[in-house]
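Below: one structure, written as structure tokens.
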């Protein structure tokens, strides 16, 4: 063979032979990295465990039936109320449910229909690309900016200083929309094309194909994604602080007046610091009542969020099993 | 054949419904564009008075919101931008190596069965609302970490970043950055993991066959593959940290300066927390000013997120 | 110089599943040994046990012995990482590191041990390895270009250069030509013929003619049925296996393939 004759340089492989110490150093480095990588996981577990444990242990103390069935009207300082409790979160739970429901009513139809447009009608046109980019941009909007937007819009459209539940819903829907669009888009995209073609072949119109076949097939996935989106926005605080304000009493009207939500309640209690129990105060007066209420409300909030996450996962799990069958 | 006209009528009706449905879908898509345009528009409109109003009342508003420490818009927003970027950047610096470690742990070190569980744990971390991290940071972390920061300020105080005296309680930039790091950890981890587990097996085997240790294999065949994805994941995390309000609001004792003294009290404030803190007390002119700072925040996060997407798109092409 | 491999009572398991049963063979130094057999017979699995690459599949383990020049690769304090330095491997599909230049690809293995190599040493080694892989003349002007810019056959030879650059004693090849066109295949086969002067070569191939062309010894693996473990049917001189095998199964397989 020709190439054997001009073999080129002669190599003394002993020069490249790994020394004992270099092999040991490599092994040490490998072990070190394994330890560091394992450690990084433990490091991440510390805050999670701590957050859950503290919320649970500090929250259960104040989490009484009285706490869940009363609002904060008539609560003075650290003094107990006539019912024996120290006020509660009923108004905040109602506010959270109404405002979240409002944001769902706005963002789910728009989000799902937008996904339908992207998957079924747009076929990657320029408008679709622009929408895709804007959905990405939207998912990066800081929540406080969403709150400012809702506040500014209501101020300019309804009147200066308008703060109500609906403004909060608008802010939250802005934060929810990108998630709804993205999960719906993903779910619609995995619906097999055969289903659509079979329907068209039977002479079914496009609208009926989409609503009764495509959307129905994708429904569990969309539901699960939406639940997770709700779980994300239900804990939002900053935008509601600005758009919906805070009030001690129950306000069932989404369209008028300030409305307290659970996260805002937590923040508000926290920001009050220690309660004053003067010489003339009730013997049951608690100076740290604000923190107790904050932790209890935080625990309720965590439970709601975890339950929603569990529900979302369950829906998608059941869906996945049904698909493989 | 007498049914024929009836049939055409149904067909026409179906066609009409079809058209309406398509219009709805297209409308929903356009609505997204409009919504974003509306966000920009309304923010600009509401921020307008901060630039056009009576100069005296403008200066007055800035003076009152800054506690007399700034008299022009740039003078006001400058330290806030600095604080925002400082805290978010620190949070990213802290979260990045840990996230990368967790992503590698899930993808390459943990047994397959365990890794699903671990992913769920990370998702849980992401699900905890920010107000609860704020509460935890202020009431649990701050009292427990004060001693550590004091130790740092005493023993590492010769590094300008750690110059004492450490705030007590440490409601300082350092503590806030730590909490924000925990909060952005899940997003960086999950995006990084999704990219790293796609690293081609062929090159991994090639590296191992050359006599690489596991870590060397990761350095040769996994990390180079995921580089742009990791960068873009960090940018997404940075975007989150930039806009985070509650944890900063609840933990940080705010200041108004261009200071890098991470452990000292009252040195910095972020745009988002500043808005939340000052909004309830602000008059109309003050609100305009705050909305204007919100617009600045919007632009910063827009740029960061846009860069993140561009990097991902380039890697995908 | 190449080294001899002795395989004694080797069983390979994936979890509880016995994939290959009781393999015994001697692979001669500085010869080319081909593993042939139907899909799923375990020939690739056995190949991968020779540098402990099967271990990266979770749950894979072996019993028995694999002796490289008398040293048990599965001994209690043998590090798989060191085994793989002595036993190189070339894969079915070319897999150069995409972010590295041709030069860096060749040096990748050496760099693991020595971070700093004198430039002249590195230049010599790159030239030596690329000449050894019959690739030098084609790439010597573009050593700093990315390795994935080469054609499929060139990439595979680059991978061979990368494997020989760490100077192993044994070179394992897992269907190295199955993704190549006929001309590139010929180039790699020529190369295998040259490489056996310096290395012991074990090659897995689906291509019967290839086994006949390149190998000195041939081992035929088979399995009784799907779900049953694979096993070694027989091993002999390539000429004997192809002209006058002992076992009727071998005869059937070979004649079946040749029509």
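All conditions but one from (1) within 14 Å of chain B (Cβ to nearest Cβ); (2) in contact with a helix residue (DSSP H, G or I) (Cβ under 8 Å, 6 or more places away or on another chain); (3) closer than 24 Å to residue A:71 by Cα apply to residue A:249; the one that does not is (1). Test residue A:260 against the criterion of being modelled with pLDDT of 90 or more, in a loop (DSSP other than H, G, I, E, B) and within 14 Å of chain B (Cβ to nearest Cβ), and give yes or no. Against the criterion (modelled with pLDDT of 90 or more, in a loop (DSSP other than H, G, I, E, B) and within 14 Å of chain B (Cβ to nearest Cβ)), residue A:260 qualifies. The residues of the range B:203-216 that are over 16 Å from residue B:107 (Cα atoms) and part of a helix (DSSP H, G or I), listed by number, are B:206, B:207, B:208, B:209. Yes or no: residue B:104 under 29 Å from residue C:55 (Cβ atoms), surrounded by 18 or more Cβ atoms within 10 Å (Cβ to Cβ) and within 19 Å of the chain's Cα centre (by Cα)? No; evaluated as a whole, the condition is false for this residue. Residues in the range A:164-199 that are within 16 Å of residue A:99 (Cβ to Cβ) and outside any helix (DSSP H, G or I): A:164 alone. Where strands (runs of 3 or more DSSP E) fall entirely within the range C:164-259, those with at least 2 residues that are surrounded by 21 or more Cβ atoms within 10 Å (Cβ to Cβ) and under 15 Å from the mean Cα position of the chain (by Cα) are at C:170-174, C:200-204, C:217-223.
Is there a residue in the range B:48-57 that is buried (at least 19 other Cβ atoms within 10 Å of the Cβ) and within 30 Å of residue A:153 (Cα to Cα)? Yes, that holds for at least one residue.
Restricting A:23, A:11 to those that are more than 25 Å from residue B:185 (Cβ to Cβ), modelled with pLDDT under 90, more than 7 Å from every other protein chain (Cβ to nearest Cβ) and surrounded by 13 or more Cβ atoms within 10 Å (Cβ to Cβ) reduces the list to A:23. Looking only at the range A:263-273, residues that are touching a helix residue (DSSP H, G or I) at 6+ places or on another chain (Cβ under 7 Å) and either in contact (Cβ under 8 Å) with a residue 40 or more places away in the chain or assigned to a helix (DSSP H, G or I) (or both) come to 7 in all.
Looking at the range B:3-12, can you tell me whether even one residue there is in contact with a helix residue (DSSP H, G or I) (Cβ under 8 Å, 6 or more places away or on another chain), within 14 Å of chain A (Cβ to nearest Cβ) and farther than 30 Å from residue B:182 by Cβ? Within the range B:3-12, none of the residues are in contact with a helix residue (DSSP H, G or I) (Cβ under 8 Å, 6 or more places away or on another chain), within 14 Å of chain A (Cβ to nearest Cβ) and farther than 30 Å from residue B:182 by Cβ. Against the criterion of being surrounded by 19 or more Cβ atoms within 10 Å (Cβ to Cβ) and farther than 24 Å from residue B:296 by Cα, residue B:130 does not qualify. Counting only helices (runs of 4 or more DSSP H) that fall entirely inside the range B:1-77 and contain at least 3 residues that are without any contact (Cβ under 8 Å) to a residue 24 or more places away in the chain, the qualifying elements are B:4-47, B:55-65.
Restricting attention to the range B:271-317, the residues that are within 22 Å of residue B:134 (Cβ to Cβ), facing chain A (nearest Cβ under 10 Å) and either free of Cβ contacts under 8 Å to residues at least 60 places away in the same chain or not in a helix (DSSP H, G or I) (or both) total 6. In the range A:61-70, what residues are surrounded by fewer than 22 Cβ atoms within 10 Å (Cβ to Cβ) and either part of a loop (DSSP other than H, G, I, E, B) or in contact with a strand residue (DSSP E or B) (Cβ under 9 Å, 6 or more places away or on another chain) (or both)? Across the range A:61-70, the qualifying residues are A:61, A:63, A:64, A:70. Exactly one residue out of C:131, C:85, C:103 is within 12 Å of chain B (Cβ to nearest Cβ) and surrounded by 17 or more Cβ atoms within 10 Å (Cβ to Cβ), and it is C:85. Count of the range A:127-163 residues, restricted to those that are touching a helix residue (DSSP H, G or I) at 6+ places or on another chain (Cβ under 6 Å), assigned to a loop (DSSP other than H, G, I, E, B) and either at pLDDT 90 or above or more than 7 Å from every other protein chain (Cβ to nearest Cβ) (or both), is 2.
Filtered by the rule that a residue be surrounded by fewer than 20 Cβ atoms within 10 Å (Cβ to Cβ) and not in a helix (DSSP H, G or I), the range A:81-126 gives A:81, A:82, A:83, A:84, A:85, A:123, A:124, A:125. Residues in the range B:203-216 that are more than 7 Å from chain C (Cβ to nearest Cβ) and either surrounded by 24 or more Cβ atoms within 10 Å (Cβ to Cβ) or in contact with a strand residue (DSSP E or B) (Cβ under 8 Å, 6 or more places away or on another chain) (or both): B:207 only.
With respect to being within 16 Å of residue C:165 (Cα to Cα), touching a residue at least 12 places away in the same chain (Cβ under 8 Å), in contact with a strand residue (DSSP E or B) (Cβ under 6 Å, 6 or more places away or on another chain) and buried (at least 18 other Cβ atoms within 10 Å of the Cβ), residue C:90 fits the description. The condition (being under 17 Å from residue C:52 (Cβ atoms) and without any contact (Cβ under 8 Å) to a residue 24 or more places away in the chain) is satisfied by just one residue among B:221, B:212: B:212. Within the range A:291-314, does at least one residue satisfy the condition of being closer than 20 Å to residue A:87 by Cβ and outside any helix (DSSP H, G or I)? So far as the range A:291-314 goes, no, none of its residues is closer than 20 Å to residue A:87 by Cβ and outside any helix (DSSP H, G or I). Taking the criterion of being within 14 Å of another protein chain (Cβ to nearest Cβ) and touching a helix residue (DSSP H, G or I) at 6+ places or on another chain (Cβ under 9 Å), the residues of the range C:69-82 that qualify are C:73, C:79, C:80, C:81, C:82.
The values are calculated or read from the model by the stated rules, or taken from the named source; none is laboratory data. Bear in mind the structure is a predicted one, so any value in this text is a computation, not a measurement. Positions of Cβ are generated from backbone atoms using ideal geometry, with glycine treated the same way; all protein chains shown enter the neighbour counts.
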